[in-house]
Amino acid sequence: MHPSPLGIGPTGFRTARAIERTRTARGFAQRQLADRVTALGRPMTITMLSRIERRRRRCDVDDLVAIAAALDVSPLALLAETS
């Protein structure tokens, strides 16, 4: 039997919040950011992005790198946000 997926931990919560804050600070709607991520080669729907921001979906490393590139920030900047 395959183990159930792990829940989203504190770093995942902070990263999701950082993605949303950075996206809104850049003036992007979720659809715009999802389109930018997809254009970079990481297919992402608005639903996927919404679930990441609402902490309903884990943001894996590939998602994080693509989202960071689409937002023009380093992945570390999204991981390191503490507020």
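Readers should treat all values here as calculations from the given coordinates under stated rules, not as data from a laboratory. The shown structure was predicted, so the numbers you read here are calculated from the model rather than taken from an experiment. Reconstructed Cβ throughout: ideal geometry from the backbone, glycine too, with neighbour counts over all protein chains shown.
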(message) Can you pull out every residue in the range 2-43 that is touching a Cys at 6+ places or on another chain (Cβ under 7 Å) and of a type in the set (S, T, N, Q)?
(response) THR15
(request) Could you tell me which residue of the range 26-78 is farthest from ILE8 (Cα to Cα), considering only residues that are loosely packed, with under 15 Cβ neighbours inside 10 Å and touching a Leu at 6+ places or on another chain (Cβ under 9 Å)? (result) ARG26
(message) Anything in the range 51-83 that is hydroxyl-bearing (Ser, Thr, Tyr) and under 14 Å from ARG17 (Cβ atoms)? List them, or say none.
(response) THR82, SER83
(request) Those residues that are surrounded by fewer than 16 Cβ atoms within 10 Å (Cβ to Cβ) and under 11 Å from the mean Cα position of the chain (by Cα), I need them from the range 1-16; list them, please. (result) PHE13
